[in-house]
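The values are calculated or read from the model by the stated rules, or taken from the named source; none is laboratory data. The shown structure was predicted, so the numbers you read here are calculated from the model rather than taken from an experiment. Surface accessibility is based on the protein's heavy atoms, side chains included, excluding ligands, DNA and RNA. Shrake-Rupley method; radii C 1.70, N 1.55, O 1.52, S 1.80 Å.
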Amino acid sequence: MVHPGGVKTNIIRNARFYKSFHGGSREENIDNFDEKFARTSPSKAAARIIAGIKNDQPRIIIGRDAWLMDRIIRTFPVGAQSFLRRMAGR
């Protein structure tokens, strides 16, 4: 199973936005998202996936953000959702 974090692709650029959560223009929001969250290049993500398959790993985690989310959820399975909600509000 692949758990991707922020991978720099055009998925966000091609998505439809009906509401801006932080104000600003659509392009500013996309650039801000890319800068903060989409830090892994597609080639690095692909290399990580291939290495995980070759090593017969049942879980392949892509990027520090996905690794951190995985650790938070595994450490605090009951309170993780409310914690992450509070963090997203900052």
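Quick check for you: with a 1.4 Å probe and neighbouring chains kept, what is the accessible area per residue of the chain, in Å²?
82 Å²
What full-extension length gain, to one decimal in nm, is calculated for ILE72 and ALA51 as 0.36 nm per residue of separation minus the Cα-Cα distance?
Length difference between fully extended and current span is 5.1 nm.
I'd like the per residue volume of the convex hull spanned by the Cα atoms of the chain, given in cubic angstrom.
Looking at the chain, the number lands at 115 Å³ per residue.
Quick check: at a probe of 1.4 Å, how many percent of the accessible area of the chain sits on carbon and sulfur atoms?
The C+S portion of the solvent-accessible surface of the chain is 59 percent.
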